[in-house]
Structures are given as C-alpha cells and as structure tokens.
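Below is one structure, written out as structure tokens, with a few remarks after it.
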Amino acid sequence: MELEGSVALVTGAASGFGRAIAEAYVREGARVACLDIDAEGAEAVVAGLGDAAIAIGGDVADGASVASAVDAAHNAFGRVDIVVNNAGISHRNQPMLDVDEATFDRVFAVNVKSIFHMAHSVVPIMREQGGGVIINVGSTAGIRPRPGLTWYNASKGAVNIASKSMAVELAPDGIRVNCIAPVMGETALLETFMGAPDTPENRAKFVATIPMGRMSRPEDIAQAAVYLASERANFVTGVVLQVDGGRCV
C-alpha cells in the first residue's frame with residue numbers, strides 16, 4: 001500500500017473529489033481526517049471507512065475553524081503528513097458583472113484564503129516532523145478559462161500559482177507542494193459551472209471541448225492525489241498536474 005502509516009487531512013471530504021480522495025487514501029493504508037462544512041456528510045463518509053478515519057465539521061474559510069480541525073487530526077493520529085486542500089465553490093456561470101461582491105468574497109475565501117489558513121496551521125507541524133505533503137486542488141479554469149466563470153477562474157489561477165510559490169519556499173523544510181488541475185467533473189458543482197440544467201445536451205457542449213471525450217471523475221482525481229502523496233513522487237514539487245483529458249493542450 002502506497003500510503004501505509006501516513007496521516008492525511010482532506011478538506012471537502014463529504015462528496016465529490018474529496019470523498020474519492022479520502023476513500024483512496026484509506027485503501028492505500030493512510031489514516032484520514034475528513035473535514036467538511038457538511039459535518040453529517042463527513043460522518044457518512046467516515047462510517048464507510050472504519051477506524052482509519054475521523055470526521056470533522058468546519059468551514060475552511062475560517063481560520064479558527066481550520067486550526068481546530070488540524071488540532072483534532074493531530075490529536076487523533078499523532079501527526080499530519082498530508083494535507084489535501086480540496087474544498088471549493090463557484091459562482092454560477094454568468095456575466096462577470098452580475099456576480100455580487102458577497103459571492104466574489106465567498107469564492108475567494110473558500111478557494112484561496114482557505115489555503116492561507118491551512119498553511120498557518122499545518123506547516124509548523126510538518127516542519128517539526130521533518131517534512132510533509134500539501135496538495136492543492138486548482139483547476140483547468142485557472143489555465144484555460146471559460147467565459148461566464150471569470151471570478152472562479154481567477155480564484156483557481158491563484159491556487160495554481162500559489163502552489164508553485166509554496167513549493168519553492170517550503171522545499172528546504174522537506175515539504176512538497178503540488179496542485180491538481182481537474183477539468184470540469186461529474187460533481188455537485190456541475191450545474192453551477194454550466195449555468196444551466198444538467199441535461200445531456202448541455203453536457204455535450206462541454207464534453208465537446210475535451211479531446212478524450214468525457215468529464216473528469218472523482219476517481220481520476222483520487223488517483224492523481226495518491227501518486228502526489230506517495231514516495232513515487234518524492235522528487236516532484238511545484239507541479240500543476242492537469243487531469244483534463246487534453247482540455248488544456
């Protein structure tokens with residue numbers, strides 16, 4: 001098993017990419033703290049993972065909540081080796097001037113400021129341990145943006161570049177930082193990204209822009225997250241790994 005003996009904290013773990021990552025990590029031998037604002041959803045995920053996982057309710061946009069979650073994971077398992085900053089939201093696909101300021105602020109708080117909060121809480125622990133792995137979930141939206149999602153695109157562009165900068169700064173501490181950039185996936189955010197009902201016709205419009213002919217699936221992102229957290233990637237840092245079926249080519 002690739003992550004035997006490791007401890008991971010996965011945000012947004014109640015559904016979608018986060019749930020798949022948490023499940024894959026447990027299969028690979030890790031113990032996992034599943035953090036989500038949907039505490040009941042996190043509990044439901046953990047119910048299927050047994051003693052290898054714990055559920056933590058909390059808002060990644062709130063620094064105190066993140067610090068509490070990191071403390072809970074550290075107290076439960078004795079260390080934190082891997083953090084996956086997966087939690088994210090979007091505004092609805094619409095003209096950029098139609099997005100109100102409160103929505104803009106929330107998108108940046110959840111998608112970007114959450115990484116700031118997590119770094120403040122977990123980097124000192126990883127430094128004391130002699131290393132660690134941070135994986136941020138960015139997006140192809142920050143590489144090849146679609147119209148109608150301007151402020152979401154901007155937030156994910158920030159995640160992509162912050163990951164590179166973090167990697168350079170934290171490399172002397174033995175902390176690897178990488179980013180996964182999925183193409184639009186089969187998750188709860190799909191209709192938000194489309195700005196329209198999830199119908200076969202609307203899906204087809206988006207799938208037509210992906211050379212491999214389908215959207216990303218949670219297991220695609222989970223496999224990338226396992227690799228980046230594993231010893232196979234022990235000399236890989238500062239990478240924005242596009243899991244996109246060729247969308248950004």
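Candidate cross-link partners of Lys113 among the aspartates and glutamates, defined by an alpha-carbon separation under 13 Å and a same-chain spacing of 8 or more, comprise Asp59, Asp62, Asp105. Amide H contacts of Gly195: Asn93, each under 5 Å away and 5 or more positions distant or on a separate chain (H built 1.01 Å from N in the peptide plane; Pro and chain starts excluded). Which one, Ser114, Ile175, Ala141, is farthest towards the positive end of the dipole of the stretch 99-176 when Lys and Arg carry +1 and Asp and Glu -1 on their Cβ? Positive-end residue among those listed: Ala141. For the stretch 1-61, the spread of Cα coordinates along the three principal axes comes to 31, 22, 17 Å, biggest extent given first. The alpha-carbon of Lys205 sits under 29 angstrom from the alpha-carbons of these lysines, leaving out residues fewer than 8 places away in its chain: Lys156. Here the stretch 104-249 is assigned +1 on the Cβ of each Lys and Arg and -1 on the Cβ of each Asp and Glu. Its dipole about the Cα centre then comes out at about 300 debye.
The convex hull defined by the C-alpha atoms of the stretch 35-175 has an orientation-averaged projected area of 9.1 nm². Converting phi to 3J(HN,Hα) with the Karplus coefficients 6.51, -1.76 and 1.60 and the offset θ = phi - 60°, the stretch 110-118 yields 6, 7, 10, 5, 4, 5, 4, 4, 5 Hz in sequence order, with x at every glycine or proline.
Here is the P(r) of the stretch 1-114: all C-alpha pair distances, binned every 10 Å from 0, give 16, 44, 26, 10, 3 in whole percents. Compactness of the stretch 108-249, taken as the C-alpha radius of gyration over 2.2 N^0.38 Å, stands at 1.11.
Highest-first packing order for the peptide set 183-190, 201-208 is 183-190, 201-208, based on the mean count of other beta carbon atoms within 10 Å.
Please order Tyr25, Tyr227 by the number of other Cβ within 10 Å, starting at the fewest.
Lowest to highest Cβ neighbour count: Tyr227, Tyr25.
Estimated from helices alone, the mean residue ellipticity of the chain at 222 nm is -13000 deg cm²/dmol (sum of -39500 (n - 2.57) over DSSP H runs with n ≥ 4, per residue). Here the residues Val239, Val10, ranked from fewest to most Cβ neighbours within 10 Å of their Cβ, fall in the order Val239, Val10.
So if we plug the beta-carbon distance of Ala188 and Thr209 into 1/(1 + (r/R0)^6) with R0 = 22 Å, what FRET efficiency do we get, rounded to 0.05? Provide the component values of the computation, followed by the final result.
Numbers: r = 21 Å, r/R0 = 0.95.
Using R0 = 22 Å, I get an efficiency of 0.55.
Working note: Debye formula, equal point scatterers on the alpha-carbon atoms of the stretch 69-135, no solvent; log10 I(q)/I(0) at q = 0.13, 0.14, 0.18, 0.27 Å⁻¹ is -0.48, -0.53, -0.71, -1.17. Please report the spacing between the Cα centers of the stretch 56-96 and the stretch 133-149 in Å, no decimals. Cα centres, the stretch 56-96 to the stretch 133-149: 18 Å.
Remark: Ile221, Ile21, Ile56 ranked as Ile56, Ile221, Ile21, counting other beta-carbon atoms within 10 Å and listing the fewest first.
Treating the angle as unsigned and between 0 and 90°, give the value, to the nearest 10°, between the Cα long axis of helix 218-229 and the longest Cα principal axis of the chain. Compared with the principal axis, the helix lies near 40 degrees. In this structure, the amide hydrogen of Ala87, modeled 1.01 Å from its nitrogen in the peptide plane, lies closer than 5 angstrom to those of Thr11, Gly12, counting only residues at least 5 positions away or on a different chain.
Read-outs throughout are calculated quantities, based only on the coordinates presented, and are distinct from any laboratory measurement. Just so you know, these numbers come straight off a predicted model, no measurement behind them. Heads up, the Cβs are rebuilt from the backbone with ideal geometry, glycines too, and the neighbour counts pull from every protein chain shown.
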